[in-house]
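What follows is a short report on a single structure.
The values are calculated or read from the model by the stated rules, or taken from the named source; none is laboratory data. Remember, predicted model here, so these are calculated numbers, not experimental data. Neighbour counts are summed over all protein chains in view; Cβ atoms, including those assigned to glycine, are modelled from backbone coordinates with ideal geometry. Keep in mind that these areas ignore ligands, DNA and RNA; they rest on the heavy atoms of the full protein, side chains included. Shrake-Rupley method; radii C 1.70, N 1.55, O 1.52, S 1.80 Å.
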Amino acid sequence: MALQAAALVPSAFSVPKEGKSSASFRDSSLFGVSFSEQLKADFTNSSAVRCKREYNLRNGAVRAQVTASAPSVTRAAPDGKKTLRKGSVIITGASSGLGLATAKALAETGKWHVIMACRDFLKAERAAKSAGISKENYTIMHLDLASLDSVRQFVDNFKRSERSLDVLVCNAAVYLPTAKEPTFTAEGFELSVGTNHLGHFLLARLLLDELKKSDYPSKRLIIVGSITGNTNTLAGNVPPKANLGDLRGLAVGLNGLNSSAMIDGGDFDGAKAYKDSKVCNMLTMQEFHRRFHEDTGIVFASLYPGCIATTGLFREHIPLFRLLFPPFQKYITKGYVSEEESGKRLAQVVSDPSLTKSGVYWSWNKDSASFENQLSQEASDAEKARKVWEISEKLVGLA
Ligand code: LMG
Ligand code: NDP
Ligand code: PMR
């Protein structure tokens, strides 16, 4: 096929390994600053927050503990009028691409404090700096979604910070289209579904109480979906197609040892595993809506932000793909959006007063106007959503 044949052509092109966004990180201050200076700078992160950080430099991980007190929902402005306090939003995977662009868009309004939940603390710090996010508008906390221990640790740390949680954005993802064999999370789940779905499933479940406690007027839980998981679209029909089957692989833990690493029990395919994980993300959002919207008032939403063809998501793809994919999306499918535009879209789902409908999968048209999109049959199958929920609860130790 075209891609495979193309892969045999010796490539004279050089493509940045992680796309445009991370290329700019390389240009950032990192290489001019010593490691210890970098750490010192990291300590001075937020003036609004008292930070007590414990650096755990074993295996390169840096853990942050933050203590702060939650202000009440309104504060009096000098003219006596009450204004809304700053919202507090956790964004997973905010160290690049969509997550970083969203953090920037929200921070720039001055109305949000962004908790960047990232697996690579220093990368996140550099990313925030090079995006120009001001120190008082963000806090970085360590989260590795490929480890359920790390998810639990993150939630404990967040609770200890006594910060209010007003919006949670489950954004992080990995895509492993060229992997021949599956790789696994700390608990032994296939990495794409383990990270993109199961890690977020546990995180969202554990943080639901924090959202319930918030006195913010519009509390939201957003899980990023995608067009490629929806087989009612052209993009969703490019092989391999998403298909969760009867969930037999998920039911036995996706460990690839005594069973398949794929949700449907089939042979491992990294591109399919990613698309399947996005179906799980969209099903999980709807199941949250059915179970909790009425009682809690929390708005649950998913979205397709557009094809952000330059992000780090494609870092594992072959160089020729990374070269051709952005022009293909720009000039042929016209599905391309810049990281900045995608960040504005997700920021709308976080904070726009008109996007308060729950259980919705948002998309944008050519004029960048949002609309409520239709999910594929599988991605809107309520019975499947319930089963994915129940099996996932068992796998992450909630049931
Ligand atoms: C796999 O290949 C990879 O193997 C895997 O590693 C992973 O990356 C995965 O999805 C990710 O993709 C996909 C491969 C298989 O598709 C190709 O990319 C082959 C290219 C085919 C050439 C088409 C020519 C287009 C001209 C563009 C020239 C510019 C070059 C840009 C290249 C950048 C890459 C994007 O594909 C196939 O097996 C055959 C191709 C199938 C096309 C799919 C279209 C299906 C349409 C079905 C319609 C169904 C109706 C749906 C209803 C919709 C209603 C709205
Ligand atoms: P990026 O690769 O730029 O961003 C993904 C983020 O997830 C990175 O910050 C990455 O961290 C983080 N991440 C990966 N694994 C883990 C982990 N184990 N623990 C914590 N964080 C992790 O890709 P995008 O910005 O494109 O992707 C963001 C979201 O958008 C995803 O949900 C994706 O499915 C979705 N999406 C993307 C589209 C696109 O065209 N790009 C289209 C539709 C949806 P690190 O920086 O350390 O690698
Ligand atoms: Mg796709 C309207 C057409 C459209 C859109 C919006 C996307 C989005 N893609 C479209 C069409 C096509 N793509 C066609 C016709 C082809 C065959 C040439 C094609 C191929 C293709 C590949 C090989 N597309 C891809 C890949 C990937 O590896 C990406 C992927 O599947 O990641 C899981 C991808 C994507 N196309 C998109 C989007 C948004 C992606 C990537 C990201 C994602 O879903 O998160």
Yes or no: Ile263 under 30 Å from Ser164 (Cα atoms) and either more than 23 Å from the chain's Cα centre (by Cα) or not in a helix (DSSP H, G or I) (or both)?
no
In the range 311-318, is there at least one residue being among the hydrophobic types (A, V, I, L, M, F, W, C), without any contact (Cβ under 8 Å) to a residue 12 or more places away in the chain and on the phi < 0 side of the Ramachandran plot?
no
Looking at this structure, is Val155 surrounded by 22 or more Cβ atoms within 10 Å (Cβ to Cβ) and either more than 16 Å from ligand 1 (Cβ to nearest atom) or part of a helix (DSSP H, G or I) (or both)?
no
Within the range 377-399, considering residues that are surrounded by fewer than 19 Cβ atoms within 10 Å (Cβ to Cβ) and part of a loop (DSSP other than H, G, I, E, B), the one modelled with the lowest pLDDT:
Ala399
From the option list Asp166, Asp267, Asp156, single residue qualifying as touching a strand residue (DSSP E or B) at 6+ places or on another chain (Cβ under 6 Å) and more than 14 Å from ligand 3 (Cβ to nearest atom) is Asp166
Take the residues in the range 333-376 that are open to solvent by 80 Å² or more (accessible area, probe 1.4 Å) and within 15 Å of ligand 2 (Cβ to nearest atom); name whichever of them is farthest from the chain's Cα centre (by Cα).
Lys334
Against the definition (open to solvent by 40 Å² or more (accessible area, probe 1.4 Å), under 20 Å from the mean Cα position of the chain (by Cα), away from ligand 3 (no atom under 16 Å from the Cβ) and not hydrophobic (A, V, I, L, M, F, W, C)), how does His293 come out, yes or no?
no
Between a residue in the range 162-177 that is touching a residue at least 40 places away in the same chain (Cβ under 8 Å) and any residue that is part of a loop (DSSP other than H, G, I, E, B) and of a type in the set (Val, Ile, Thr), which pairs come within a Cβ distance under 9 Å, given they are 6 or more apart or on different chains?
Arg163/Val49; Ser164/Val73; Leu176/Thr183; Pro177/Ile318
Mind counting the residues in the range 350-372 that are within 24 Å of Tyr336 (Cβ to Cβ) and not hydrophobic (A, V, I, L, M, F, W, C)?
9
Is one or more of the residues making up the range 349-366 touching an Asp or Glu at 6+ places or on another chain (Cβ under 6 Å), of a type in the set (A, V, I, L, M), under 30 Å from Leu247 (Cα atoms) and in a helix (DSSP H, G or I)?
no
Residue that is nearest to ligand 1 (Cβ to nearest atom) [pool: residues in the range 158-183 that are part of a helix (DSSP H, G or I) and either of a type in the set (A, V, I, L, M) or open to solvent by 10 Å² or more (accessible area, probe 1.4 Å) (or both)]
Lys159
Qualifying positions in the range 297-321 - more than 16 Å from ligand 3 (Cβ to nearest atom) and open to solvent by 30 Å² or more (accessible area, probe 1.4 Å)
Gly297
Out of Thr183, Thr195, I need the residue that is touching a residue at least 24 places away in the same chain (Cβ under 8 Å), at negative phi and within 15 Å of ligand 2 (Cβ to nearest atom). Which one?
Thr195
Filter pass, Leu324 being closer than 24 Å to Gly93 by Cα, near ligand 3 (Cβ under 10 Å from one of its atoms), not in a loop (DSSP other than H, G, I, E, B) and not hydroxyl-bearing (Ser, Thr, Tyr):
no
Pull up the range 187-199, narrow it to residues that are open to solvent by 10 Å² or more (accessible area, probe 1.4 Å) and in contact with a helix residue (DSSP H, G or I) (Cβ under 7 Å, 6 or more places away or on another chain), then point me to the one that is nearest to ligand 1 (Cβ to nearest atom).
Phe189
Of those in the range 224-243 that are under 22 Å from the mean Cα position of the chain (by Cα) and not in a loop (DSSP other than H, G, I, E, B), the residue farthest from ligand 1 (Cβ to nearest atom) is Val224
If we keep only residues of the range 335-348 that are not in a loop (DSSP other than H, G, I, E, B) and not acidic (Asp, Glu), then the residue nearest to Thr231 (Cα to Cα) is Tyr336
If we keep only residues of the range 200-255 that are of a type in the set (Lys, Arg) and open to solvent by 20 Å² or more (accessible area, probe 1.4 Å), then the residue farthest from ligand 3 (Cβ to nearest atom) is Lys213
